[in-house]
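The values are calculated or read from the model by the stated rules, or taken from the named source; none is laboratory data. This structure is a prediction, so every number in the text was calculated from the model and none was measured. Don't worry about glycine lacking a Cβ; one is built from the backbone with ideal geometry, like all the others, and counts go over all protein chains shown.
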Amino acid sequence: MSITVHLPTMLARLAGDTHALEASGDTVGDALTDVIARFPALGPRLRDDAGKPYGFVTFYLNDEDIRFHGGFEAPVADGDEVIVVPTVAGG
């Protein structure tokens, strides 16, 4: 099963300047684990020490916020897209 994980520019640099990564797994969390296994520097930017999503990073599965679909346990299907959007603050 192939899932595409889309990274913003600030995180893509940790993945060899690649904005779209192919991943595999049965859940959003599995797909991210697959990506992190290949690009370990992404790990601390995508999830906390307990493996949970940070509150300041929003993950979308096919344009749906995963918080409303089981979080990292949200099931994925072949061809799905996971979009990573870090919160930006400033004034």
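Quick look at the values:
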{"read-out": "When residues of the range 72-86 are limited to those that are of a type outside the set (A, V, I, L, M), at pLDDT 95 or above and surrounded by 13 or more Cβ atoms within 10 Å (Cβ to Cβ), the one farthest from MET10 (Cα to Cα)", "value": "PRO75"}
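Conditions tested, residue by residue: (1) among the basic types (Lys, Arg); (2) within 13 Å of VAL82 (Cα to Cα); (3) surrounded by 12 or more Cβ atoms within 10 Å (Cβ to Cβ).
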{"residue": "GLY29", "(1), (2), (3)": "no, yes, yes"}
{"residue": "THR33", "(1), (2), (3)": "no, yes, yes"}
{"residue": "ALA37", "(1), (2), (3)": "no, no, no"}
{"residue": "PRO40", "(1), (2), (3)": "no, no, no"}
{"residue": "PRO53", "(1), (2), (3)": "no, no, yes"}
{"residue": "TYR60", "(1), (2), (3)": "no, yes, yes"}
{"residue": "ILE66", "(1), (2), (3)": "no, yes, yes"}
